[in-house]
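Below: one structure, written as C-alpha cells.
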Amino acid sequence: RRHSEDPRPSGHMVLLTQAAVLLAACVAGSTTRRRLTSSYVRPAASEFIDPAKILANTACEAPPCSGQVHVTLGGAWDEAFVSYASASADTPSQVVYGHAPDALDSLATGTRVSYSQLMYFEDYILHPPTGLPAATEEELLGIEDTTEWANGTASWNDPQGTVSMGMRSYKNPQAYYQSPVLHHVTLSGLQPGQNVHYRIPNDDRVHRFRMPPASVLPDTPLTVGLVADLGQTAASNASIHFLLAEAPDVVLLAGDLSYADGFYRRWDSFGHLFEPLSSRVPVLTCGGNHEVGSSEQWLSYNARWRMPAEGSGSTDNTYWSKEIGAMHVIALNSYADTKAGSLQYDWLERALSRVDRARTPWLVVMMHAPFYCSNTGHVEETRLMRMDLERLLYSAGVDLVLNGHVHAYERTLSVYNFTLDECAPTYLTVGDGGNREGVYTPWAEPQPAWSLYRESSFGAAMLKVLNSTHAHYEWKRHSCQGSDDPTNINFNKSCESIAQGGLDNGQLEGSDEEMFVKPKACPNRWRSGSDPWPAPPQDATLDDNPSLPADGSYEGGAEAPSEEEEDAGDSDDSDDDKHKHQHAESTAMNAVLTVVYESPEKTAALLGLLLVLLFVSVLSNLMQFHAFCKLRRKVGVRGVTLGSTRNRYGNLEAAAAVESGAMMAAADTGTMMMPRYSSPQHDKHAATLTERAPAGVPRGVGQRTGTAVGYRAESEGTLTDY
C-alpha cells in the first residue's frame, strides 16, 4: 500500500485499463498472419443443400404455387420492383401491398415474360469441387438419348452410356429448357424507411421488406450487405442466412448468382434458395461471367433480374446507377465494351456527372471482375477495362469498388495504378459467397504493398454508412473448403481451406474490420457532378503491374513460409510492413469508437467485463480507504491518495472528454456513464461525478451527494484534480 501522495494510478486501475485495451484489441482483431488448423465439424442437417431438391413454395390453393420472389429498388426514389415466377400464364402480373399485413389496400400491375433455351452441360454438374452434384449421369443421359423416338431422323443420338459436355444439339427437342412465367411489377408511392407488406397471386404468404432511408438525409445510417459468386451450396446458404440475420437495408450482389452455367433449371432452384433473403431485403446485382458464359448470354439473367437501368439513363440492364440513402451506387458490366466512345463508357461519364455529394457523399462502384487482386486465379483479366476506366473512376472520387470473380476475399488499401494513394478507391473482392467451384489458392507472394488482407474461404461482408464521413466495414468467414463430408465444406470456425493441392496461404484470421474515413484533403472524393474533374496523378501508363514478371509469365505464388521464417521476418519490417502494422493498431481504436454504436452483442460483453473489473477495483479501493482511515487516526496523516486522483478531503473528482461514441466510466463509484454518440464535427462532451464532504464532517471521511456535473471540455482528455 502507498501512504504518500503518489499521483500514479494504482495497480487496480492499471489492470482495468489494460483489460479494456486488451478487450478492444480482441474485438478488433489484427492483420498478423497465423496458421489455424482443425478437424472437420459437421454442420446441422439443414445446411446440406441438394440443388436438385431445393423446395419450392407450397403455400397456395392451386399448386404449383408462385414463388422465387425477389425485390429490387426501382428507378425512382419511391419505387421498388417485385419479381416472381409462376407455372401458368393464367397467373396475373400484379401485387397487392400496404403498410400492414391486414391493410394491403394498393394494387400494382406489371409485365411478364418466358423463354426457352438450349442446354449446355459442363463437368461441374456431376463433379463439383464443393457442394453436391446438380444432377446424376442418368438424368443427363436421359436428356441426350433420343433412340426411343428418333429412329431414322436427324435427331437420332445414342450416347452409349457416356455423357458429353458442351452445347446440346439444336436437333434434340429434349435438350431445351422452358422457363416459368416471370413477372415484374413496380410498386410506387413508397416512403423512405417504410415497411412494405405485399402478396403475389397464387401465394398465401404475405411478404415484407423495408425501403432504405432517403438520400436527402446523408447522415442517416445505411446498412449494406456485400456478397458475390453465391451459387447453391451449403456455404451459399450460410452466406444467405448471415446476411438475413444482419437485416441490412439493401444487398449488393456483385455478379455470378445461380451458377446454372447452361443447366437452366438451376436458375429456378436458386430463386427458391435465395427467396428467404431476396423477398425481405432489396437486392441489386451486376452480371458476372456465369451470367454470360456457358451459353447463358445474359438471357436468363435479364429475364429474371430487373435492375434500375432505365431510370438511370442506361439502355442495358447490365449497367445502371442508383441513389441509396447516403450512397450512390454505379454498376458496371465487366463483359461489355468500355473503351472511350463505347455505349457503356459514355453512359458512365453521364452517370458520374449526376453524382451529388450533398445527397450521396459515398460513391460506390460495383463490377464483377476486379482491377486489383493478388490471388493467382483470374490474373489481370480486367487489364483493358482498367486502362479504359481507372482514370475516370479516380477523377470522379470513387470511394469503394466492390468485386467478385476471384473465389476468395481480399481488401486493398487506397490504390491507383498499383501505387498507394489516399485519394484513390479501396477495392473489396468478395467472391467468397460459397459457389460450387470452391476457393482459389494460392496467393501471390510476396503480398503486394496495396493488398491489406486476403483469405481463401467462404463468407460475406457488411458496410454500415454512419454519416457523410465515416463508414464501418466488416467481413466474416463462416466456412472453408476441405472436409470428409461429400460437400467438401468445413464449418469449423477455425478452419483453413484446402484447395488446388495445398493450404490457403492467406492471413487466416476469419474476420476483417475497418472504419473507412473520407479524406478531407482529397478534392476528388468530395466532387459533385457540376464540379471540375480533378486530374489523377501523373502516370506514364496504366498497364504496368509491378507484381507480374516482365516476360508476362505467371506461375502463381511461392510456397508459404515456415513458422521459423515468419518469426524471423517479424523482426525486420519494411516500410510497407510498418504501414500495415500502423493500420492494425488503428483498427483497435476503430473498434473502440464503433463497438457501442454498432454491435449490441459486443457491447454487452464489453460492459460485462468492465463492470466486473470496476466492481473489483472499487471494492479494493474501499478496503484501502478503510485501512487508510484507521491509519490516519493512528498517525494523523493529513493527505490521502485514493485511486488515480487525490484531494485533501478524501473525495474524488474526475473528468474526461468523450468523442465519437467512446465509453468512459467513473471508477470511484462503480457507475458506468454512456455518453451519446457524437460525430467528429460535433462538440466534445464530458461528464463529472463529484463527491464532496458536507460541512461539519471530519476531514478524511468522504460522503456522496450524488451531484452530477456536465460541462464542455476545452481540450480532449482533460483530467481535473482537486
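The values are calculated or read from the model by the stated rules, or taken from the named source; none is laboratory data. Predicted model, so just to flag it, every value in this text is computed and none were measured. Using ideal geometry, Cβ is built from the backbone for each residue, glycine included, and neighbour counts are taken over all protein chains shown. Ligands, DNA and RNA are stripped out before the accessible areas are found, and what is left, the full protein with its side chains, is counted by its heavy atoms. Shrake-Rupley method; radii C 1.70, N 1.55, O 1.52, S 1.80 Å.
General remarks:
- Taking 0.36 nm per residue of sequence separation and removing the Cα-Cα distance, the Lys53/Tyr176 pair yields an extension gain of 42.2 nm.
- Spacing of the modelled spin labels on Lys520 and Ala100, each 7 Å from Cα toward Cβ, amounts to 4.7 nm.
- Set against the 2.2 N^0.38 Å expectation for a compact globular protein, the range 394-440 has a Cα radius of gyration ratio of 1.31.
- Greater than 30 Å apart at Cα, pairs in Lys53/Lys493; Lys53/Lys476; Lys464/Lys520; Lys171/Lys339; Lys322/Lys518; Lys476/Lys518: Lys171/Lys339
- P(r), alpha carbons of the range 348-425 - 10 Å bins starting at zero, rounded %: 17, 52, 27, 4, 0
- Per-pair calculated FRET efficiency, R0 = 56 Å: Glu445 and Leu107 via Cβ, rounded to 0.05: 0.40
- Ranked by the mean number of other Cβ atoms within 10 Å of their residues, highest first, the peptides 529-536, 394-401 fall in the order 394-401, 529-536.
- Over the range 53-163, relative contact order from alpha-carbon pairs under 8 Å, at least 6 apart, %: 11
- Percentage of interatomic Cα-Cα distances in the range 422-536 larger than 26 Å: 35
- Extension reserve of the Thr315-Ala62 stretch, reckoned as 0.36 nm per residue once the Cα distance is removed: 87.3 nm
- Ordering Val618, Val439 by accessible surface, largest first, gives Val618, Val439; the 1.4 Å probe counts only protein heavy atoms, with every chain in place.
- Scaling against 2.2 N^0.38 Å puts the C-alpha radius of gyration of the range 463-508 at 1.65.
- Per residue, the convex hull spanned by the Cα atoms of the range 283-441 amounts to 118 cubic angstrom.
- Scaling the Cα radius of gyration of the range 109-189 by the globular reference 2.2 N^0.38 Å produces a ratio of 1.48.
- Overall size of the range 193-261 from C-alpha positions, given as principal axis extents largest first: 40, 34, 21 Å.
- Considering only beta bridges that DSSP places wholly inside the range 128-266, some 50 percent are antiparallel.
- By average C-beta atoms within 10 angstrom, highest first, the peptides 189-197, 304-312, 203-211: 304-312, 203-211, 189-197
- Computed on protein heavy atoms with a 1.4 Å probe, the accessible areas place Val113, Val292, Val283 in the order Val113, Val292, Val283, largest first.
- On the basis of the beta-carbon distance and an R0 of 22 Å, Leu244 and Gln191 show a calculated FRET efficiency of 0.40.
- Proportion of all alpha-carbon pairs of the range 126-251 beyond 27 Å (%): 52
- Segment Ser528-Ser114, length gained on full extension (0.36 nm per residue, minus Cα span): 144.9 nm
- Debye intensity ratio I(q)/I(0), log10, the range 144-190, q values 0.13, 0.25, 0.26 Å⁻¹ (C-alpha model): -0.46, -0.98, -1.02
- Here the simple spin-label model places points 7 Å from the Cα toward Cβ, and for Arg383 and Asp90 these points are separated by 5.9 nm.
- Simple label model, 7 Å out from Cα along Cβ direction - Val612 to Thr147, nm: 7.2
- Rg and Dmax of the range 37-189, Cα atoms only, in Å: 21.3, 63
- Mean accessible surface per residue for the range 388-469, computed with a 1.4 Å probe while every protein chain stays in place, in Å²: 15
- In terms of packing, defined here as the mean over residues of other Cβ atoms within 10 angstrom, the peptides 166-173, 374-381, 258-265 line up highest first as 258-265, 374-381, 166-173.
- Neighbourhood charge, 15 Å Cβ-Cβ cut-off, centred on Arg525 and excluding it, Lys, Arg +1 and Asp, Glu -1: -1
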